[in-house]
Amino acid sequence: CTGGAETLQVKEPATTAQQVAVTIKAMRKAEEQRMQELKQAEEQRAFLQAALAERELEAERAEVAAAEEERLHALQEVKERERQRQRREAKAAARIAAMLDADEAAAAASGLPALSANGG
């Protein structure tokens, strides 16, 4: 009986050491797996961050393009209003010139001085 107990005592430390080695190996493997998962998560986060930055940049570019389009449209409106103003002024000047010509012709026909000769 004593010999069997001694054998068990010798086997127990070896078994415990094996269990510790297996546990350490499992812990290292689990740690490596966690590190791999962490690395993958970090890579995914970096990828998503880059994708988000790209989308934000695209949105900013779209805003700039829309603002530029709006500015060009407003500029075209201003140019069109200026053309219309110049046309109205040209028509008014033509009417005034026609009235003055008519006044001079009437004055010449009647022998009276024309309005333009009086400065007004």
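Taken together, the values in this text are just the output of simple stated rules run on the coordinates, not laboratory data. All values derive from a computational prediction rather than experimental measurement. Neighbour counts are summed over all protein chains in view; Cβ atoms, including those assigned to glycine, are modelled from backbone coordinates with ideal geometry.
Annotations
- Simple spin-label estimate for ALA26 and GLN76 gives 7.4 nm between the two label positions (7 Å along the Cα-to-Cβ direction from each Cα).
- In plain terms, the chain from LEU57 to ARG87 could stretch by 6.3 nm, reckoned as 0.36 nm per residue minus the Cα-Cα distance.
- Normalised Debye scattering of segment 20-120 at q = 0.13, 0.15, 0.17, 0.24 Å⁻¹ gives log10 I(q)/I(0) of -0.79, -0.86, -0.92, -1.13, counting only Cα atoms as equal scatterers and leaving out solvent.
- Under the convention that each Lys and Arg Cβ holds +1 and each Asp and Glu Cβ holds -1, the size of the dipole of segment 19-79 around its Cα centre is about 680 debye.
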